1. Just one of the numbered conditions (1) within 30 Å of E44 (Cβ to Cβ); (2) in contact with a Leu (Cβ under 8 Å, 6 or more places away or on another chain) is not true of K103; which one?
2. Quick check on my filter: what residues within the range 45-79 are within 11 Å of A109 (Cβ to Cβ) and without any contact (Cβ under 8 Å) to a residue 24 or more places away in the chain?
3. Take the conditions open to solvent by 30 Å² or more (accessible area, probe 1.4 Å) and either modelled with pLDDT of 95 or more or of a type in the set (G, A, S) (or both) and apply them to S309. Does it pass?
4. Checking T162 against (1) under 30 Å from V214 (Cβ atoms); (2) surrounded by fewer than 11 Cβ atoms within 10 Å (Cβ to Cβ); (3) modelled with pLDDT of 80 or more; (4) of a type in the set (S, T, N, Q), only one condition comes out false. Which one?
5. If you go through the range 241-270, how many residues are within 16 Å of A333 (Cβ to Cβ), at pLDDT 90 or above and charged (D, E, K, R)?
6. Would you confirm whether any residue within the range 68-80 is touching a Lys or Arg at 6+ places or on another chain (Cβ under 9 Å) and outside any helix (DSSP H, G or I)?
7. Restricting the first residue to the range 191-219 and requiring it to be closer than 14 Å to L230 by Cα, which pairs with a second residue that is in a helix (DSSP H, G or I) and open to solvent by less than 30 Å² (accessible area, probe 1.4 Å) meet a Cβ separation below 6 Å and a spacing of at least six or different chains?
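The values are calculated or read from the model by the stated rules, or taken from the named source; none is laboratory data. Note that the structure is predicted; figures quoted are calculated from it, not measured. Note that we place each Cβ from the backbone using ideal geometry, even for glycine, and neighbour counts take in every protein chain shown. These area figures cover heavy atoms from the full protein model, side chains too; ligands, DNA and RNA do not enter into them. Shrake-Rupley method; radii C 1.70, N 1.55, O 1.52, S 1.80 Å.
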Amino acid sequence: MADFTPPVDADPALISTQRQLLLNQVTEHRAKIAALSRQQAQKEAEQATTLATIHKLETMIPVIQPRVDIRKTLMEKELGSKLTYYETLQLLVEQQEELSVQKSHLHEAEAAVAAVRETRGQAVAEFRRTLSDELAKAVQKANGLTQDLIKAEQKTRLQLLTAPVDGVVQQLANGGLLAMMLAVLRPTAIGGVILNDIGPVIEPQGLLRIKGHVGKLPIPRNFEEGAEILRWLFDAEFPKLAPQDWIAFAQRTWREHGGGLVPDYDLKLARTLQGANLERLPTLWNQFDALARVPLMVIRGANSDMLASTTLDAMLARRRELEVAVVPDQGHAPLLAEPKLIRQIAAFVASCDVSARR
């Protein structure tokens, strides 16, 4: 285990787990080999005992054989008793049979020792083969993952969106802005686009208004109190929202966390806006024109200070097929809660699916 050297950037927890798994494998293998070694030692001891018995019998039989011959001669000449002769002969026969039995035991012991040795050798070879197979599979998997990582990094580089504008625009209504940028980089990746109150020209006064309250809203005690805060701030842009609409608005602005409410948007936007020059924002007409072959729908709040009506007219002038929905009595960004608007959005999405299948 001292030779186990993990990669320098490997996860310590993963290293510990794999080290323990390897240690368990080695421990199990060593226990198996130790058990086989004990069996081999036992069989070899039995073999040695049998050999000693055979040596003893082979030493005794030559001594008994002359005694039998003498007893037989004396019996035939009637100089000795038959009983003594047969007792001596019986002893000789027993020793010869015992010698035969012990030789058979010796063959069995030799076979058992050979079998244990073969099993032990097979266990060692199997362990090495298993480790080699696992190592080969691990190397193959690592090579495959390396290739996948290379492909993923290449794909990421190809899909990386380099914004033509500063970080402020990237974080405001970023879905629509990223869609326009993606149309330049990967036009075939887009099946359709809905721009919700955002376009190629962003009005500075809208950003200035957002800068004035983003990250500065008081934290309400509940959604009802949050609804009152939002109504006080945005009533001019959303003059016809019902009480339940303001509560829904509050539930989009804050979320429950740790027994209270916390902002449900990126607070880094406030820091970005503080140091940004909002009076000289670049336009995205080239990115908008890249959507020329993509089904496009634009939703604008009638009271919006982010997407001007003049910008919407210019968008309509640049392309013939453009579906437009203007939401009355709402500003930036429309809440997209009206049933009629929802049906219009659903129909547009369905038409994108049809266009993609053609």
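1. (2)
2. A45, A48, T49
3. When the stated conditions are applied, S309 passes them.
4. Status for T162: all satisfied but (3).
5. The qualifying residues number 1.
6. yes
7. Listed pairs, sorted by first residue: V214/L269; V214/A270; G215/A270.
To keep it simple, each residue is scored yes or no on (1) exposed (fewer than 14 other Cβ atoms within 10 Å of the Cβ); (2) modelled with pLDDT under 90; (3) within 18 Å of Q244 (Cα to Cα); (4) of a type in the set (V, I, T).
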position	(1), (2), (3), (4)
L322	no, no, no, no
V326	no, no, no, yes
H332	no, yes, no, no
K340	yes, no, no, no
I345	no, no, no, yes
D353	yes, yes, no, no
A356	yes, yes, no, no
